[in-house]
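Structure first, commentary second.
The values are calculated or read from the model by the stated rules, or taken from the named source; none is laboratory data. From a predicted model like this one, the values you see are computed outputs, not experimental measurements. A quick note on method: Cβ atoms are made from the backbone with ideal geometry, for glycine too, and the neighbour counts reach across all protein chains shown.
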Amino acid sequence: MTLVLKASLLTAGLLLSSSTIAAAESPEVEFSQALAVTELKLDKTLLAQKFDLAQGEMLANTRCIACHGSAMLGMMPTYPSLMGQKTAYLFKQLIDFKQGDRTDPIMQAQAGMLSQAEMKNVAYYYSQQAPLSLAK
């Protein structure tokens, strides 16, 4: 095998590997793969829908910020920061609250008002935020 052919094959392999990795890391693919291993009964169109970052931000700022905003986190350390968490993880927690698999009156009420699409979008919004620093 010539050196040029070897270099071409190596380059093609690297390009294919990097494109596969990039595709696997897209938010939609990661979300779908993570939820595929759960037993959630999801609206089938939900997985095909693109994330709506603007809707997620609006929901976070109107429904979540009172308890999960940075000002409140200093006063109520039991309320977790959602910033930087994985989309599928946050989505699953919201589903669990809505279905009663997790119990907390406030979260059950909040999650109960959200559609699965809204849950997906607010979870995505928080996943795109930089995690809060624990340093003071």
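For every residue, the table says whether it meets (1) in contact with a Gly (Cβ under 7 Å, 6 or more places away or on another chain); (2) without any contact (Cβ under 8 Å) to a residue 60 or more places away in the chain; (3) surrounded by fewer than 18 Cβ atoms within 10 Å (Cβ to Cβ).
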{"residue": "96", "(1), (2), (3)": "no, yes, yes"}
{"residue": "99", "(1), (2), (3)": "no, yes, yes"}
{"residue": "103", "(1), (2), (3)": "no, yes, yes"}
{"residue": "106", "(1), (2), (3)": "no, yes, yes"}
{"residue": "111", "(1), (2), (3)": "no, yes, no"}
{"residue": "114", "(1), (2), (3)": "no, yes, no"}
{"residue": "118", "(1), (2), (3)": "no, no, no"}
{"residue": "122", "(1), (2), (3)": "yes, no, no"}
{"residue": "126", "(1), (2), (3)": "no, no, no"}
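Specify which of the listed residues (2, 78) is farther than 18 Å from residue 130 by Cα and at pLDDT 75 or above.
78
Could you grab me the full set of residues in region 19-51 that are closer than 17 Å to residue 94 by Cα, part of a loop (DSSP other than H, G, I, E, B) and at pLDDT 80 or above?
Correct list: 51 only.
The conditions are (1) in contact (Cβ under 8 Å) with a residue 40 or more places away in the chain; (2) part of a helix (DSSP H, G or I), and residue 84 fails exactly one of them. Which is it?
All conditions are met except number (2).
Determine, yes or no, whether residue 61 is in a helix (DSSP H, G or I), of a type in the set (S, T, N, Q) and in contact (Cβ under 8 Å) with a residue 24 or more places away in the chain.
no
Is it true that residue 94 is at pLDDT 80 or above, under 21 Å from residue 112 (Cα atoms) and under 17 Å from the mean Cα position of the chain (by Cα)?
Numbers: at pLDDT 80 or above: yes; under 21 Å from residue 112 (Cα atoms): yes; under 17 Å from the mean Cα position of the chain (by Cα): yes.
Considered against the rule, which asks whether it is at pLDDT 80 or above, under 21 Å from residue 112 (Cα atoms) and under 17 Å from the mean Cα position of the chain (by Cα), residue 94 comes out as yes.
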